[in-house]
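The values are calculated or read from the model by the stated rules, or taken from the named source; none is laboratory data. Note that the structure is predicted; figures quoted are calculated from it, not measured. No Cβ is skipped: glycine too gets one built from the backbone with ideal geometry, and neighbour counts run over all protein chains shown. Surface areas here come from the heavy atoms of the whole protein model, side chains and all, with no ligands, DNA or RNA. Shrake-Rupley method; radii C 1.70, N 1.55, O 1.52, S 1.80 Å.
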Amino acid sequence: MGNWQQRVRETVKSVMAEFIGSFLFQFLGGACISNATEHGLGSGAIGNGFAFAIVLYAVTNVSGGHVNPA
């Protein structure tokens, strides 16, 4: 396999990891915030922090952990 093919494969793997990580963070964070309407803002904030930590630990080895859902 050529050098450019390896770079393309690594880039695609990193981009997919970031996409899946951002999607999961938005999904889990939204679920935590929707739960906060019943249990208070503190539970939503803590849940959102845990969701971000889980996603960050999951994608750091693949893409460097630059999760940016903005």
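Checking each residue in the range 20-70 for being within 30 Å of residue 7 (Cβ to Cβ), open to solvent by 60 Å² or more (accessible area, probe 1.4 Å) and of a type in the set (Gly, Ala, Ser) picks out 58, 70.
Consider the range 1-19 and keep the residues that are open to solvent by 70 Å² or more (accessible area, probe 1.4 Å) and of a type in the set (D, E, K, R). The one that is nearest to residue 67 (Cα to Cα) is 13. Within the range 37-44, the presence of a residue that is among the small types (Gly, Ala, Ser), touching a helix residue (DSSP H, G or I) at 6+ places or on another chain (Cβ under 8 Å) and not in a helix (DSSP H, G or I) is excluded.
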